[in-house]
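> Quick one: the structure is below, questions incoming.
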Amino acid sequence: MLKERIEFLCKKKNLSRKELVDGLVTPAHFANTADRYPLAEDLAEQITGRLGVKPSYLLRAAAEETLATADKIFTELSKLANPATESYVDQLEDRNDSLVVEMTTYLMKAVYYQQLNDPTAYEYLHQTKLSFSLG
């Protein structure tokens with residue numbers, strides 16, 4: 001999950017992984033670390049500074065509550081005849097230290113607005129969040 005999160009953020013900032021770690025560690029060392037182990041806090045702080053996110057965004061990439069939170073959002077918004085109000089959906093926090101939770105929230109918001117036949121809200125989420133993240 002950490003590797004995918006870093007790739008997502010590098011893509012978003014238009015940085016190569018080599019540019020990201022320049023002067024911090026070698027790209028090979030970073031690849032081994034990001035693929036197999038949690039990042040050291042000091043390295044995470046330097047890298048997240050370059051990526052413009054909080055250190056917890058990388059340090060909590062594999063937190064146990066991640067899938068439970070994503071599952072809760074998915075379950076709540078995918079119920080048949082969903083009783084969720086539009087204000088509830090609008091107020092769902094879509095920034096989260098977990099990319100899984102973020103993407104689940106964006107996806108389920110898009111599904112909700114598509115079900116409401118609200119093409120403006122659906123298109124906004126699709127173009128600004130989902131297409132960029134999944135493309």
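The values are calculated or read from the model by the stated rules, or taken from the named source; none is laboratory data. In this text, all values refer to a predicted model and were calculated from it rather than measured experimentally. Here the Cβ positions follow ideal geometry from the backbone for every residue, glycine too, while neighbour counts run over all protein chains shown. We work out accessible area using only protein heavy atoms, side chains counted, and drop any ligands, DNA or RNA first. Shrake-Rupley method; radii C 1.70, N 1.55, O 1.52, S 1.80 Å.
> List pairs: first residue in region 81-93 and β-branched (Val, Ile, Thr), second residue modelled with pLDDT of 75 or more anywhere in the structure, Cβ distance under 6 angstrom, at least six positions apart or on different chains.
The qualifying pairs are 89/109; 89/112.
So that you can scan it fast, the table gives a plain yes or no per residue for (1) under 15 Å from residue 3 (Cα atoms); (2) among the hydrophobic types (A, V, I, L, M, F, W, C):
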{"residue": "17", "(1), (2)": "yes, no"}
{"residue": "20", "(1), (2)": "yes, yes"}
{"residue": "24", "(1), (2)": "no, yes"}
{"residue": "33", "(1), (2)": "yes, no"}
{"residue": "39", "(1), (2)": "yes, yes"}
{"residue": "42", "(1), (2)": "no, no"}
{"residue": "49", "(1), (2)": "no, no"}
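> From (1) touching a Ser or Thr at 6+ places or on another chain (Cβ under 6 Å); (2) at pLDDT below 80, pick out the condition that doesn't hold for residue 55.
The failed condition is (2).
> Restricting the search to region 96-116, which residues are under 16 Å from residue 75 (Cβ atoms) and open to solvent by 20 Å² or more (accessible area, probe 1.4 Å)?
100, 103, 104, 107, 111, 115
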